[in-house]
1. All but one of (1) at pLDDT below 95; (2) of a type outside the set (Phe, Trp, Tyr); (3) open to solvent by 10 Å² or more (accessible area, probe 1.4 Å) hold for B:Ala19; which doesn't?
2. Given the structure, is C:Glu33 charged (D, E, K, R) and out of contact with any Lys or Arg (no Cβ under 9 Å at 6 or more places or on another chain)?
3. For residues that are facing chain D (nearest Cβ under 8 Å) and touching a Pro at 6+ places or on another chain (Cβ under 7 Å), scanning just region C:42-60, find the one that is least open to solvent (accessible area, probe 1.4 Å).
4. Among the numbered conditions (1) over 11 Å from the mean Cα position of the chain (by Cα); (2) within 14 Å of chain D (Cβ to nearest Cβ), tell me where F:Pro9 comes up short.
5. Test E:Val49 against the criterion of being within 18 Å of B:Val44 (Cβ to Cβ) and either of a type in the set (A, V, I, L, M) or in contact (Cβ under 8 Å) with a residue 60 or more places away in the chain (or both), and give yes or no.
6. Is there a residue in region E:23-41 that is within 14 Å of chain B (Cβ to nearest Cβ), in contact (Cβ under 8 Å) with a residue 40 or more places away in the chain and buried (at least 18 other Cβ atoms within 10 Å of the Cβ)?
7. Mind checking which residues of region A:61-71 are surrounded by 14 or more Cβ atoms within 10 Å (Cβ to Cβ) and at the interface with another protein chain (Cβ under 7 Å from one of its Cβ atoms)?
8. Let me confirm something: among C:Gly57, C:Gly71, which residue is at pLDDT 95 or above and under 30 Å from F:Val30 (Cβ atoms)?
6 protein chains.
Amino acid sequence: MPLIQVSVPAGSLDAAKKAKMIELITEASVTAEGIPAARQFTWVQINEVPDGGWGMGGQAITLEMMKVALGQK
Amino acid sequence: MPLIQVSVPAGSLDAAKKAKMIELITEASVTAEGIPAARQFTWVQINEVPDGGWGMGGQAITLEMMKVALGQK
Amino acid sequence: MPLIQVSVPAGSLDAAKKAKMIELITEASVTAEGIPAARQFTWVQINEVPDGGWGMGGQAITLEMMKVALGQK
Amino acid sequence: MPLIQVSVPAGSLDAAKKAKMIELITEASVTAEGIPAARQFTWVQINEVPDGGWGMGGQAITLEMMKVALGQK
Amino acid sequence: MPLIQVSVPAGSLDAAKKAKMIELITEASVTAEGIPAARQFTWVQINEVPDGGWGMGGQAITLEMMKVALGQK
Amino acid sequence: MPLIQVSVPAGSLDAAKKAKMIELITEASVTAEGIPAARQFTWVQINEVPDGGWGMGGQAITLEMMKVALGQK
């Protein structure tokens, strides 16, 4: 029965990846709960944090910086 | 004294409907609490979830799909 | 179709007031949206902020202080 | 790199199920993103909504009512 | 170890002010906790509420209205 | 004018540290914004995540584990 709210850096996920994330996270939640009937009451929301607004350790980490750090660029 | 955060699919509410929602939800909250003096400390925020990021039962439900399902189209 | 998350000071609402708040806020949201069919997809969550964790203007405002300020005590 | 915030009815998950949910949802998120290096920057938080504060369609649904509805009791 | 989520009216902070806010809020959090080693695990997220969706006392307060009220215009 | 929501592991901050965090984070926010008049409209909320519900990299990190990792024990 969970409500699952995901925050990602804006522009990091296209529509296909969002759909995949909704599908897989719902599956994961239902399995962890162990209640198949709860699937229809499982909501997932993907919110986007505008670039420049994500900070770790006191520093703003832009999407560009994340991509470089994660070997995506 | 509540803080009320509303999430809606992006693009589903125009400015007039947002103003109406803020007005009516504040009224509802003050009535339920039963403390008229709390009105000025009642905040409402309406956040928009970008299209493609709203999932129910494991499936992404686009604004288009919602409108059809709710008989708005 | 909104998801509505309400934050209140812990201990400020009993079960009856919570039920009333869920009922009235849902009604308000459906009216503002103007889509009766969206009612069943309207979720309300009431979260409680532990006492001492609510700050305004830089000052922690306890439930006791709120009650006095709002003429509830 | 997502931050994932899960809301569940208070008392619905024990420590073992929470650990399982954290593990499986992280796995799901990393797979959907397709960036294994993002795992260490994936945070999951499980918040508990106090009983009586979860509403659907205008009605407060208690943990007891959920269990009956989902065939857990 | 906190996660700090800041909501601001969309368009009220430019990139430089966001970076400053991330830096100063992280510093404030680490000082209040009193655990310097927690800095690297302190996350700050700045979310933007679309104009027209910020309500106080039942009224939508636009960015324009805020600027006038705060003497910024 | 920001709303600032802080999530901490339940039990990690006593009342004095919460008051300090509210004071210092508000100060930081006002300084970053550069609008002293916004102070009274700055809200800070400190939410507590029940132990066992905080995950990093797929693993639940208990308060006990955090204290050891951060040299607090």
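The values are calculated or read from the model by the stated rules, or taken from the named source; none is laboratory data. Quick caveat: nothing in here was measured; it's all calculated off a predicted structure. Please note: Cβ atoms are built from the backbone with ideal geometry, for glycine as well, and neighbour counts cover all protein chains shown. Side chains included, ligands, DNA and RNA excluded: accessible areas come from the protein's heavy atoms. Shrake-Rupley method; radii C 1.70, N 1.55, O 1.52, S 1.80 Å.
1. The failed condition is (1).
2. In short, no.
3. C:Thr42
4. It is condition (1) that F:Pro9 fails.
5. Yes; evaluated as a whole, the condition is true for this residue.
6. Pass one, region E:23-41, residues within 14 Å of chain B (Cβ to nearest Cβ): none.
No - not one qualifying residue is present in region E:23-41.
7. Hits for region A:61-71 are A:Met66, A:Leu70.
8. C:Gly57
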